[in-house]
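Trainee: Sharing a structure here in structure tokens format.
The values are calculated or read from the model by the stated rules, or taken from the named source; none is laboratory data. Predicted model, so just to flag it, every value in this text is computed and none were measured. A quick note on method: Cβ atoms are made from the backbone with ideal geometry, for glycine too, and the neighbour counts reach across all protein chains shown. Only protein heavy atoms, including side chains, enter the accessible area calculation; ligands, DNA and RNA are left aside. Shrake-Rupley method; radii C 1.70, N 1.55, O 1.52, S 1.80 Å.
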Amino acid sequence: MRTHYCGQLNASHVDQIVTLCGWNHRRRDHGGIIFIDLRDREGIAQIVCDPDRPEMFKLAEAVRNEFVLKVTGQVRRRPVGTENPSMPSGEIEILCHEVAILNPAVTPPFPLDDDNLSEHVRLVHRVIDLRRPQMQKNLMLRYKTARAFRRFLDDHGFIDIETPMLTKSTPEGARDYLVPSRVHPGQFFALPQSPQLFKQLLMVAGFDRYYQIVKCFRDEDLRADRQPEFTQVDIETSFMDETAITGIIEQLIRYVFKDAIDVELPDPFPRMSYAEAMRRFGSDKPDLRVTLELTEVTDAVRDVAFKVFSGPATSGGRVAALRIPGGASLSRGEIDGYTEFVRIYGAKGLAYIKVNDVSKLNEEGLQSPIVKNLHAQALKTIVERTGAQSGDLIFFGADKTEVVNDALGALRSKLGHEKGYVNGKAWEPLWVVDFPMFEYDEDEKRWSACHHPFTAPKDGHEELMKTNPGECLAKAYDLALNGWEIGGGSVRIHKADVQARVFEALGIDEEEQRLKFGFLLDALKYGAPPHGGLAFGLDRIVTMMTGAESIRDVIAFPKTQRAQCLLTDAPSGVDERQLRELHIRLRQKVETQVEIGKAG
């Protein structure tokens, strides 16, 4: 029905007769001449309706917002001084010869150029929301990004293979979404949290380069960068070590950013161990654009009178300092605001010292309620290590190591962006490597896998799995970008004896191994190749590219933070007959109200 898209027309089409189809974005009547801004997925074209064609003009007068139109006319240059450089078609307009109303429309629930809509309204009316130019751009960029992933992987010998959506429930760190089986009463499928086990099976089967852009499902608490269903670019390869895998993945992500948004990422990406990242930034996905760093002072405050510091320092916790250049100018109200912020991450408070005069390391030169409880050597060490100067402020975190890292790591990023402690670079990628193999679960009193139980240990660390699991490092790697983890993976275990040692360290007995992972363990016996891979979060990457505040702005039909679809009103109840077919009976929650002081 059309010859061109609206947004693709430009001065090279002058004098051509074109036919366009789209929606009336805006109609303006200027003293007998009607202007229609016709919109489609590629942009907007200005249509000029002249009264010299009475029949066409009469139809144009009847056009209202969001009417679906077909327009035929001649492309001409706009009069000098009326060009719109912000539009690709801003140099031209179409003199309308014919207009057809393909479908009228009721008044939309909101104007498409309203930028102050609540997210609730947008999600209830998602179809209309998706017509907004920004949302059209977001989803077009998502398509271009996925296309770039496919192009690179196809060109480098990776094969797109689908894996099952209905699979076995296996422990992968989050709750599974379960699907009841009608054919097998009382038994359930699980929706995959990732294709992890299946892509390893594909490596054993000989498909040495696999990829898939695939939906994954996790029943977990949501936030801005999480959805119950999300999309990842899943990649696995055989006969490549950790260095080779991260090398080709680095080429891939550099290609994707160049192809999708014309951004040249640095070459090569810097690398940093997990231990260094946590020590310097309190995060395993640090935003390197922020120039602030944490400083270790645990050893310097072990014997101070201030129990808030000496307590964690002598009981296996951490005391770290965060120097804010020029931060002595922060008001008490601002400091109180940051104190409330770190409480979100479990911190009990936020100690600080204002360095008014660095030459006087006492209460005369240092302003803080805690100075009197810190001896001279501790103050001297803190100032020297942080490099503090007159006019600076030093924040402190003192608690369990995890709490200090989470709180000061988040504060570092917040302060950096709010107060301008940034290096001016738009994109800062970072490989974080040498992750711990295990972490100790205080509640369960046992070791658990930091990634999953099929991650390979570093060469030479196999014995540590038995003697000192906490010191064992994994062949695991994450790719961080501007403070977001956009991808992560590892080299997998392919030898049965190493896998047995991992299960032993995790306290998983043979019966549990067979129950949860038997199909994979059996496959690994038949000549499994060395293999490894990585998965990218497509939603997160596109969110960063667009500058959107939430991944919901780059997903066509997302869920809310309560895991609901406001457009379709899902989840919802189902018919009793369907439940009977699935052999499911819902438990009714009985609530009894007891009136205080009244018997019976």
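Trainee: Looking at segment 174-196, can you tell me whether even one residue there is farther than 23 Å from Ala496 by Cβ, among the charged types (D, E, K, R) and either touching a strand residue (DSSP E or B) at 6+ places or on another chain (Cβ under 9 Å) or surrounded by 19 or more Cβ atoms within 10 Å (Cβ to Cβ) (or both)?
Mentor: Within segment 174-196 (the criterion being farther than 23 Å from Ala496 by Cβ, among the charged types (D, E, K, R) and either touching a strand residue (DSSP E or B) at 6+ places or on another chain (Cβ under 9 Å) or surrounded by 19 or more Cβ atoms within 10 Å (Cβ to Cβ) (or both)), the answer is yes, since at least one residue qualifies.
Trainee: Here is a follow-up. Condition check: at pLDDT 95 or above, open to solvent by 70 Å² or more (accessible area, probe 1.4 Å), in a loop (DSSP other than H, G, I, E, B) and out of contact with any Phe, Trp or Tyr (no Cβ under 8 Å at 6 or more places or on another chain). Does Asp303 satisfy that?
Mentor: Yes: the conditions hold for Asp303.
Trainee: Can you give me the number of residues within segment 366-421 that are among the acidic types (Asp, Glu) and surrounded by 15 or more Cβ atoms within 10 Å (Cβ to Cβ)? Step through it out loud before you land on a result.
Mentor: Step one: list which residues in segment 366-421 are among the acidic types (Asp, Glu), which gives 384, 392, 399, 402, 406, 418.
Now restrict to residues that are surrounded by 15 or more Cβ atoms within 10 Å (Cβ to Cβ): 392, 399, 402, 406.
Count: 4.
Trainee: Name the residue, out of Ala321, Ala328, Ala313, that is surrounded by 13 or more Cβ atoms within 10 Å (Cβ to Cβ), under 18 Å from Leu379 (Cα atoms), of a type in the set (A, V, I, L, M, F, W, C) and within 30 Å of the chain's Cα centre (by Cα).
Mentor: Checking each option against the conditions leaves just Ala321.
Trainee: Given Glu66, Glu98, Glu93, which one is of a type in the set (D, E, K, R), open to solvent by 20 Å² or more (accessible area, probe 1.4 Å) and at pLDDT 95 or above?
Mentor: The conditions single out Glu98.
Trainee: Here's a follow-up. Can you tell me which condition Glu363 does not meet? The list is (1) surrounded by fewer than 22 Cβ atoms within 10 Å (Cβ to Cβ); (2) in contact with a strand residue (DSSP E or B) (Cβ under 7 Å, 6 or more places away or on another chain), and all the others hold.
Mentor: Evaluating Glu363 over (1) surrounded by fewer than 22 Cβ atoms within 10 Å (Cβ to Cβ); (2) in contact with a strand residue (DSSP E or B) (Cβ under 7 Å, 6 or more places away or on another chain) leaves (2) as the failure.
Trainee: Which residue pairs have Cβ atoms under 6 Å apart, sit 6 or more places apart or on different chains, and have a first residue in segment 505-530 that is assigned to a helix (DSSP H, G or I) and a second that is not basic (Lys, Arg)?
Mentor: Pairs found: Ala505/Trp447; Ala505/Met465; Ala505/Pro469; Gln513/Phe503; Lys516/Thr170; Leu520/Leu197; Ala523/Leu201; Ala523/Val204.
Trainee: In addition: May I ask you to list the residues in segment 104-129 that are outside any helix (DSSP H, G or I), open to solvent by 80 Å² or more (accessible area, probe 1.4 Å) and more than 19 Å from Gly22 (Cα to Cα)?
Mentor: Asp115, Asn116
Trainee: Being more than 22 Å from the chain's Cα centre (by Cα) and acidic (Asp, Glu) is the filter; apply it to segment 511-566 and report the residue that is most open to solvent (accessible area, probe 1.4 Å).
Mentor: My answer is Glu511.
Trainee: Quick check on my filter: what residues within segment 18-51 are part of a strand (DSSP E or B), open to solvent by 40 Å² or more (accessible area, probe 1.4 Å) and either farther than 27 Å from Met140 by Cα or touching a Leu at 6+ places or on another chain (Cβ under 6 Å) (or both)?
Mentor: Arg28, Asp29, His30, Ile33
Trainee: Could you list, ordered by first residue, the pairs with Cβ atoms under 9 Å in which the first is in segment 257-268 and without any contact (Cβ under 8 Å) to a residue 40 or more places away in the chain and the second is open to solvent by 50 Å² or more (accessible area, probe 1.4 Å) and among the basic types (Lys, Arg), at least 6 apart or interchain?
Mentor: From residues that are without any contact (Cβ under 8 Å) to a residue 40 or more places away in the chain, the pairs are Glu264/Lys258.
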